[in-house]
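Student: Here it is: the structure, laid out below.
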Amino acid sequence: MSLAEIRFLQRKLKEKYGEVGVVAGKYLEAGFSVNIRTIKTPKGVIDIVAIKGGEKLAIDVYIKSSKLPLNVVEEVYEKAKHIGAKPVLALWGRGVEVDEDVIKKANELGVKIRRF
């Protein structure tokens, strides 16, 4: 896929999905194929599923500008475990506060935290 096609798709994803589309566009630019809000699990809908080679990521985007609750990390882990993917929690903006216990729990479960 050429860079022009990637930029076009990034713009379309941003228009259609907002913040989730911007995060999906970043993974698209990194060479992943992305599916947005298509896979449902018992814990809820996964925001983005990104696949590249043999790697599958289940990405949830946290948008609220507040303290990150511990149960969000656990939900991302459960959703990813359900489809056999690696869990990623994307934090949108600088307003999200992450405590030490949340980081410790994310490390225990293997949840990667990325800030966008």
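Student: Say the dipole of the chain comes from +1 at the beta carbon of Lys and Arg and -1 at that of Asp and Glu; which of TRP92, SER2, VAL73 then lies farthest toward its positive end?
Tutor: Highest projection toward the positive end goes to SER2.
Student: Among the listed pairs LYS52/LYS112; LYS26/LYS56; LYS52/LYS105, which have their C-alpha atoms separated by more than 20 angstrom in this model?
Tutor: Beyond 20 Å between Cα atoms: LYS52/LYS105.
Student: Please calculate how many Å² of accessible area segment 1-88 carries per residue, with a 1.4 Å probe and no DNA, RNA or ligand atoms counted.
Tutor: Value returned for segment 1-88: 56 Å² of accessible area per residue.
Student: Nearest 10 degrees is fine. How inclined is helix 70-83 to the longest principal axis of the chain, computing both from alpha carbons?
Tutor: 50
Student: Another question, if that's okay. Would you kindly state how much longer the chain becomes between LYS56 and THR41 on full extension, computed as 0.36 nm times their sequence separation minus their alpha carbon distance, in nm to one decimal? Working shown, then result.
Tutor: Details: separation 15, 0.36 × 15 = 5.40 nm, distance 1.56 nm.
Between LYS56 and THR41, full extension yields 3.8 nm more.
Student: Which trypsin sites (Lys or Arg not before Pro) from segment 14-83 combine a DSSP loop assignment with at most 14 other Cβ atoms within 10 Å?
Tutor: ARG37, LYS64
Student: Sticking with this structure for a sec: Pop the C-beta distance of VAL22 and GLU78 into the FRET formula with R0 = 30 Å and round what comes out to the nearest 0.05.
Tutor: E(calc), rounded to 0.05, equals 0.75.
Student: Tell me the angle of helix 100-109 to the major Cα principal axis of the chain, expressed in degrees between 0 and 90 and rounded to the nearest ten.
Tutor: 70
Student: Now a separate question. Tell me, what is the FRET efficiency for LEU3 and ARG114 to the nearest 0.05, using R0 = 22 angstrom and their Cβ-Cβ distance as r?
Tutor: According to the calculation, E is roughly 0.45.
Student: Can you compute the charge dipole magnitude of segment 72-116 about its Cα centre, using +1 on each Lys and Arg Cβ and -1 on each Asp and Glu Cβ, nothing else charged? Give it in debye, rounded to the nearest 20.
Tutor: I would put it at about 340 debye.
Student: Round to a whole angstrom and tell me the spacing of the C-alpha centers of segment 14-39 and segment 51-116.
Tutor: Going from one Cα centre to the other spans 16 Å.
Student: Please state the charge dipole magnitude for the chain, taken about the Cα centre, from unit charges on C-beta atoms (+1 on K and R, -1 on D and E), reported in debye and rounded to the nearest 20. Don't skip to the answer; put the middle values down first.
Tutor: Values: 22 positive and 15 negative charges, 74 e Å.
It comes to approximately 360 debye.
Student: When the dipole is taken about the Cα centre of segment 1-40, and only Lys, Arg (+1) and Asp, Glu (-1) are charged at their Cβ, what size is it in debye, to the nearest 20?
Tutor: My answer is approximately 140 debye.
Student: A follow-up question, please. Students often forget the sequence filter, so: which aspartates and glutamates lie under 15 Å Cα-Cα from LYS43 once same-chain residues fewer than 8 apart are removed?
Tutor: ASP60, GLU74, GLU75, GLU78
Student: Moving on. Where the accessible area of segment 1-87 is counted over protein heavy atoms with a 1.4 Å probe, how much of it, in %, is carbon and sulfur?
Tutor: It is 52 percent, rounded to a whole number.
Student: Quick one: work out Rg over Rh on the C-alpha atoms of the chain, Rh as Kirkwood radius. Walk me through the intermediate numbers first.
Tutor: Details: Rg = 14.0 Å, Rh = 14.4 Å.
That ratio equals 0.97.
Student: How much length is gained on full extension from SER66 to ARG94, taking 0.36 nm per residue of separation minus their Cα-Cα distance? Walk me through the numbers on the way to the answer.
Tutor: On the way: separation 28, 0.36 × 28 = 10.08 nm, distance 0.97 nm.
In short, 9.1 nm is gained.
Student: Could you work out the relative contact order of the chain? I mean the mean sequence separation of Cα pairs under 8 Å and 6+ apart, divided by the number of residues, in percent.
Tutor: On the way: 200 pairs, mean separation 22.3, N = 116.
Once divided by the residue count of the chain, the mean separation gives 19 percent.
The values are calculated or read from the model by the stated rules, or taken from the named source; none is laboratory data. On a predicted model such as this, the values are computed, not experimentally measured, just so you know. Methodologically, a virtual Cβ is constructed for each residue, glycine included, from the backbone with ideal geometry; neighbour enumeration extends over all protein chains shown. In case anyone asks, the SASA skips ligands and DNA or RNA and just uses the protein heavy atoms, side chains included. Shrake-Rupley method; radii C 1.70, N 1.55, O 1.52, S 1.80 Å.
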